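Here is the structure we will look at.
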Amino acid sequence: MMKKAINMTEGPLAKQILFVSLPLVMSNLLQVLFNISDVAIVGRFAGSTALGSVGSTSIFVTLFTGFLIGLGGGINVLVARYYGAGRAKDVKKTVGSSLIISLIAGVILLLVGLFGSPALLKTINTKPDLLPGAVMYLRVYFLGMPALALYNYGNAVFSAIGDTKKPLIFLAIAGVLNVILNLFFVIVCHLSVVGVALASAISQCVSAGLILHALTKVQDSYALHLREVKFDRTIGQRVLMLGVPAGLQNAVFAFANLFIQAGVNSFDSLMVKGNSAAANADNLIYDAMAAFYMACASFMSQNYGAGKVDRVKKSFYISLAYSFAIGLVLGGSLLLFGREFLALFTTEPAVIDAGMYRIGVMGLAYCISAFMDCTIAACRGLGETVVPTILVVLGSCVFRVIWVYTIFAYFHTIPSLYLLYPFSWGLTAIAEIIYFVRIYKKAMRIYQH
């Protein structure tokens, strides 16, 4: 019998999900702080033009890192399923195959960033004065993509068995290093956008090295033995079937946001800079909420694999309640302290005023996304990813593009652009919940027979 780090199949669910999720919250926030510290330091010490350049790249950083996070979600679900079912050989195969898949994905994204940055930035009408710095930032930042892929791989494996503390510790170390290097490269070396991108790439390499080393020291079925790593076609296909739709969902979701960024870019540079500063709150709040989504998928998958069907639905409800609550609290706090938050990124009052347009709309809207994203995680926990991805593409991507070319095109005001977020979240949540109820009933009928 395997020794579990945390027994997800027994005990009080609310307490267990909270204890597993809190380190994930901190880990996700630290990962976001890599990019936020870039924006904050370059904005404070290199000027608003450098701020706008780095901020203009955030949509692509989110797009590609979102794909890697989604891929990690597939790894997480499969490891949790086999671990909960006590299938040690399949856990080992999943760990090895997933390492190869993650490394390949990271290298591909590195090449896309190096050679495709100018074309990508031009597609969203990046301002000419911001374009050179934005291209340089993306190219250097994406040097760390393979390392980021490997960190998310290791984080997914550890989280699948309930060990969320190790990834947090490793990311905290890398996060402190990132801030120190940011300050050194920008203030001492005067490297501006290149300096903050380089700091992030180096820090990502450190976090990846630490988490891979920790996996090699584990005394359990999910240990990583580098000399024994090989690709298992059947397991690899299952990882890809779970992870790629989730990754594409995140990527397509970010792709739809390109149209939103293009809408922002239709205003003056002041509004672009204000949006760049305010948008930093998005990933902070999203990723804090996302910790409970990952916990939801892990708990549902392990309990489903172990045949504990009574705990499957409860895991969903508890995770949903937690994610909604943290979204409401953090979003409400942002409304109250929005100007203080924006002051972290700029000293210009006009830029802060512009950023408050976004915060004013988004503050109380973040919590709505919990109904959509937690339900998607629940579907993944039951092994379903394709239909949820299609629903997201239709509800949160196609709908947003239509909104940009209809509602926003008609009013052409910044609030009319930002309002598409809560409307798209609500619409997609309704469709996802209907689908989840259907597949849950089907899964329960299978167990009953």
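The values are calculated or read from the model by the stated rules, or taken from the named source; none is laboratory data. These numbers come from a predicted model, not from an experiment. Neighbour counts are summed over all protein chains in view; Cβ atoms, including those assigned to glycine, are modelled from backbone coordinates with ideal geometry. Calculation scope for accessible area: heavy atoms of the full protein, side chains included, ligands and nucleic acids excluded. Shrake-Rupley method; radii C 1.70, N 1.55, O 1.52, S 1.80 Å.
Does region 408-416 include one or more residues that are more than 28 Å from residue 272 (Cα to Cα) and either within 22 Å of the chain's Cα centre (by Cα) or loosely packed, with under 15 Cβ neighbours inside 10 Å (or both)? If you could, list the steps in order and put the result at the bottom.
Going through region 408-416, the residues more than 28 Å from residue 272 (Cα to Cα) turn out to be none.
No, the conditions are met nowhere in region 408-416.
Of the residues 196, 206, 157, 188, only one is open to solvent by less than 20 Å² (accessible area, probe 1.4 Å) and over 14 Å from residue 27 (Cβ atoms); which?
Numbers: 206 fails: open to solvent by less than 20 Å² (accessible area, probe 1.4 Å); 157 fails: over 14 Å from residue 27 (Cβ atoms); 188 fails: open to solvent by less than 20 Å² (accessible area, probe 1.4 Å).
Step by step, each of 196, 206, 157, 188 is checked, and only 196 is open to solvent by less than 20 Å² (accessible area, probe 1.4 Å) and over 14 Å from residue 27 (Cβ atoms).
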Quick one: count up the residues across region 379-437 that are of a type in the set (D, E, K, R) and over 19 Å from residue 367 (Cα atoms).
2
How many residues, within region 298-342, are over 13 Å from residue 8 (Cα atoms) and of a type in the set (D, E, K, R)?
3
Could you check, for region 271-280, whether at least one of its residues is open to solvent by 10 Å² or more (accessible area, probe 1.4 Å), of a type in the set (Val, Ile, Thr) and out of contact with any Cys (no Cβ under 8 Å at 6 or more places or on another chain)?
no
Within region 94-145, restricting attention to residues that are of a type in the set (D, E, K, R) and in contact (Cβ under 8 Å) with a residue 12 or more places away in the chain, which residue is nearest to residue 186 (Cα to Cα)?
139
Between residues in region 354-372 that are within 23 Å of residue 322 (Cβ to Cβ) and residues that are open to solvent by 10 Å² or more (accessible area, probe 1.4 Å) and among the hydroxyl-bearing types (Ser, Thr, Tyr), which pairs lie under 7 Å by C-beta distance while being six or more apart or on different chains?
362/421; 365/421
With respect to the numbered conditions (1) modelled with pLDDT under 80; (2) open to solvent by 10 Å² or more (accessible area, probe 1.4 Å), which one is the sole condition not fulfilled by residue 254?
(2)
Would you check which residues across region 113-137 are crowded, with 17+ Cβ neighbours inside 10 Å and either hydroxyl-bearing (Ser, Thr, Tyr) or under 30 Å from residue 236 (Cα atoms) (or both) and list them?
113, 117, 126, 137
Is there a residue being crowded, with 23+ Cβ neighbours inside 10 Å, part of a helix (DSSP H, G or I) and at pLDDT 85 or above anywhere in region 337-353?
yes
Of all the residues that make up region 83-104, how many are under 14 Å from residue 153 (Cβ atoms) and either surrounded by fewer than 24 Cβ atoms within 10 Å (Cβ to Cβ) or in contact with a strand residue (DSSP E or B) (Cβ under 8 Å, 6 or more places away or on another chain) (or both)?
6
It is to be established whether one or more residues within region 168-179 are open to solvent by less than 10 Å² (accessible area, probe 1.4 Å) and farther than 19 Å from residue 44 by Cβ.
yes
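Right, residue 344: within 19 Å of residue 362 (Cβ to Cβ) and touching a residue at least 60 places away in the same chain (Cβ under 8 Å) or not?
On the way: within 19 Å of residue 362 (Cβ to Cβ): yes; touching a residue at least 60 places away in the same chain (Cβ under 8 Å): yes.
Taking the combined requirement at face value, the residue satisfies it.
Residue 223 - would you say it is open to solvent by less than 20 Å² (accessible area, probe 1.4 Å), at pLDDT 90 or above and outside any helix (DSSP H, G or I)?
Details: open to solvent by less than 20 Å² (accessible area, probe 1.4 Å): yes; at pLDDT 90 or above: yes; outside any helix (DSSP H, G or I): yes.
So residue 223 passes the test.
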Determine which member of the set 380, 445 is under 21 Å from residue 251 (Cβ atoms) and modelled with pLDDT under 90.
380
Go through region 312-336 residue by residue and tally those that are closer than 21 Å to residue 81 by Cα and surrounded by 20 or more Cβ atoms within 10 Å (Cβ to Cβ).
6
